[in-house]
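The values are calculated or read from the model by the stated rules, or taken from the named source; none is laboratory data. Here the structure is a predicted model, which means the values were calculated and not measured. All Cβ positions, glycine included, derive from the backbone under ideal geometry; neighbour counts span all protein chains shown. Just so you know, the surface numbers come from the protein's heavy atoms only, side chains and all, with ligands and any DNA or RNA stripped out. Shrake-Rupley method; radii C 1.70, N 1.55, O 1.52, S 1.80 Å.
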Amino acid sequence: MAAPGEPEATRRSEGPETAAAATRVPAALRLRVLAECGRSKARACELLLPHGAVATPVFMPVGTQGTMKGVTAAQLGGLGCRICLGNTYHLGMRPGPELIRKAGGLHGFMNWNQNLLTDSGGFQMVSLLALSEVTEEGVRFRSPYDGAEILLSPEKSVEIQNALGSDIIMQLDDVVSSTLTGPRVEEAMYRSIRWLDRCILANRRPDQQNLFAIIQGGLDPVLRSKCLEEMTKRDVPGFAIGGLSGGESKEQFWKMVTLSTDRLPREKPRYLMGVGYATDLVVCVALGCDMFDCVFPTRTARFGSALIATGNLQLKKKKFAKDFRPIDEACTCPTCQRHSRAFLHALLHSNNTAALHHVTIHNIAYQLWLMDAIRTSIMEQRFPDFVRDFMKTMYGEFRRCPAWAVEALESVGISLS
């Protein structure tokens with residue numbers, strides 16, 4: 001008998017003869033753990049992928065349709081980025097997988113010789129909820145472009161990602177809002193397990209493209225633990241922590257993150273999806289995460305907000321009109337080396353899109369710098385000191401640090417008192 005609330009199909013998928021258990025093709029990924037914090041769960045690794053090595057912890061900029069808005073692939077590479085994201089749903093809609101395949105995959109299409117990760121399209125179940133319907137077969141979308149009906153099944157998601165040729169591909173998961181409770185969360189978790197098996201079977205390039213599982217279960221520790229138990233039985237190259245960063249409290253968020261990293265295998269990468277705020281990155285590295293992505297640094301740049309160690313600068317404010325300093329005097333990015341706050345302020349007030357380009361460049365550089373600084377501190381066995389310095393710089397005094405962050409850090413042995 002299946003467990004209460006567990007569909008019979010899930011019970012049948014757990015045996016040794018499952019597609020997941022039978023798949024033993026060597027993955028095109030290798031993780032080398034180079035250093036671990038002696039106090040927290042933070043670690044520095046080298047992720048070896050088909051398009052080169054990626055140092056972790058790593059932040060991955062999001063290029064929804066094959067590029068960051070206002071930034072070229074060459075500029076992104078010049079900042080030291082070694083992996084970025086593409087969106088399967090949007091790329092599958094326009095320009096379509098066949099055209100991209102003819103261009104030599106997404107690498108050739110966007111002229112990018114570094115690594116790529118593509119999501120599965122599952123997140124659109126939440127972001128385009130009014131246009132979608134979920135069944136066991138897959139997700140039926142009403143195209144926002146022409147109104148046509150499209151079925152995104154686990155097999156179709158992997159087929160599109162195979163055509164895109166990304167180095168890391170994501171399983172199609174059943175995504176629900178992180179604030180949702182009740183039977184739908186359990187249904188989505190078990191369905192995600194079943195869909196993982198279908199994605200494993202559908203992957204035609206397991207020796208070139210690494211399929212990551214996505215842990216679901218909402219904010220219920222029992223459901224998330226069950227998902228971890230089942231998915232870690234599958235021989236996949238890596239794991240993502242999904243279903244968070246969608247409006248839940250930060251206390252709920254960090255507890256689900258640390259529950260997940262406690263149960264994920266040490267020898268495989270751990271990807272926390274949708275996280276990009278600086279404080280969140282620092283705390284979640286301490287909780288054991290390796291990989292992160294978020295639209296935040298590029299989206300906030302388009303509003304004239306520049307990221308700095310103390311938070312951000314709203315460059316549209318009048319006080320920057322005659323400020324001839326760079327955004328950050330310690331930053332080596334092209335924007336800070338060439339342009340002043342006053343110049344960027346003037347461009348923003350004249351609606352010149354060059355301003356958005358310059359601030360985006362800086363914000364991506366800031367995120368990459370932050371992750372490099374975190375990694376260096378782990379390698380040098382001074383990560384707890386780095387965390388304390390970061391928090392004091394960001395918030396001025398430890399008593400002003402967010403309570404959730406203090407609690408999360410204390411759970412892994414880093415005190416801010």
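The table below gives the values:
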read-out: Flag if LEU307 is in contact (Cβ under 8 Å) with a residue 24 or more places away in the chain and open to solvent by 20 Å² or more (accessible area, probe 1.4 Å); value: no
read-out: Odd one out for ARG341, checked against (1) under 18 Å from TYR277 (Cβ atoms); (2) in contact with a Phe, Trp or Tyr (Cβ under 9 Å, 6 or more places away or on another chain); (3) open to solvent by 20 Å² or more (accessible area, probe 1.4 Å); value: (1)
read-out: So PRO57, is it buried (at least 17 other Cβ atoms within 10 Å of the Cβ) and over 18 Å from TYR271 (Cα atoms); value: no
read-out: Filtered residue count, the range 22-52, keeping only those that are polar (S, T, N, Q) and modelled with pLDDT of 95 or more; value: 1
read-out: Residue within the range 137-153 that is part of a helix (DSSP H, G or I), surrounded by fewer than 16 Cβ atoms within 10 Å (Cβ to Cβ) and touching a helix residue (DSSP H, G or I) at 6+ places or on another chain (Cβ under 9 Å) present; value: no
read-out: Spans of helices (runs of 4 or more DSSP H) in the range 70-116 with at least 1 residues exposed (fewer than 15 other Cβ atoms within 10 Å of the Cβ); value: 73-78, 97-102, 105-110
read-out: Exclusive hit being crowded, with 16+ Cβ neighbours inside 10 Å, over 15 Å from the mean Cα position of the chain (by Cα) and over 22 Å from PHE253 (Cα atoms), set ALA286, ALA301; value: ALA301
read-out: Qualifying residue in the range 236-259 (condition: part of a helix (DSSP H, G or I), under 21 Å from GLY413 (Cα atoms) and open to solvent by less than 10 Å² (accessible area, probe 1.4 Å)); value: yes
read-out: Count of the range 58-100 residues which are in contact with a His (Cβ under 8 Å, 6 or more places away or on another chain) and polar (S, T, N, Q); value: 2
read-out: Condition met for ASP328 (more than 24 Å from VAL257 (Cβ to Cβ), open to solvent by less than 30 Å² (accessible area, probe 1.4 Å) and acidic (Asp, Glu)); value: no
read-out: Filter pass, SER153 being closer than 24 Å to ARG263 by Cα and hydroxyl-bearing (Ser, Thr, Tyr); value: no
read-out: One residue from PHE343, PHE390 being aromatic (Phe, Trp, Tyr), touching a His at 6+ places or on another chain (Cβ under 9 Å) and not in a loop (DSSP other than H, G, I, E, B); value: PHE343
read-out: Every residue from the range 117-130 that is open to solvent by less than 40 Å² (accessible area, probe 1.4 Å) and either modelled with pLDDT of 90 or more or in a helix (DSSP H, G or I) (or both); value: LEU117, THR118, ASP119, GLN124, MET125
read-out: Cross-chain or 6+ apart pairs with Cβ under 7 Å, the range 217-229 first and under 14 Å from ASP173 (Cα atoms) and free of Cβ contacts under 8 Å to residues at least 60 places away in the same chain, then crowded, with 22+ Cβ neighbours inside 10 Å and basic (Lys, Arg); value: GLY217/ARG224
read-out: Selection status of ILE160, within 18 Å of the chain's Cα centre (by Cα), of a type in the set (A, V, I, L, M, F, W, C) and surrounded by 15 or more Cβ atoms within 10 Å (Cβ to Cβ); value: no
read-out: Output for the range 358-417, where each listed residue is under 19 Å from PRO297 (Cβ atoms) and of a type in the set (Phe, Trp, Tyr); value: TYR366, TRP369, PHE390
read-out: Hey, ARG204 surrounded by fewer than 19 Cβ atoms within 10 Å (Cβ to Cβ), in contact (Cβ under 8 Å) with a residue 40 or more places away in the chain and not in a helix (DSSP H, G or I) or not; value: yes
read-out: Tally, over the range 30-54, of residues that are open to solvent by 10 Å² or more (accessible area, probe 1.4 Å) and more than 30 Å from LEU416 (Cα to Cα); value: 9
read-out: Which numbered condition LEU348 fails, given (1) open to solvent by 10 Å² or more (accessible area, probe 1.4 Å); (2) hydrophobic (A, V, I, L, M, F, W, C); (3) within 25 Å of the chain's Cα centre (by Cα); value: (3)
read-out: Every pair of residues 6+ apart whose Cβ atoms lie under 6 Å, when the first sits in the range 356-383 and is under 14 Å from GLY70 (Cβ atoms) and touching a residue at least 24 places away in the same chain (Cβ under 8 Å) while the second is open to solvent by 10 Å² or more (accessible area, probe 1.4 Å) and among the small types (Gly, Ala, Ser); value: LEU356/GLY70; HIS357/GLY70; THR360/GLY70
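Conditions (1) β-branched (Val, Ile, Thr); (2) surrounded by fewer than 21 Cβ atoms within 10 Å (Cβ to Cβ); (3) over 18 Å from the mean Cα position of the chain (by Cα), marked per residue:
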residue: VAL176; (1), (2), (3): yes, no, no
residue: MET189; (1), (2), (3): no, no, yes
residue: LEU211; (1), (2), (3): no, no, no
residue: ILE214; (1), (2), (3): yes, no, no
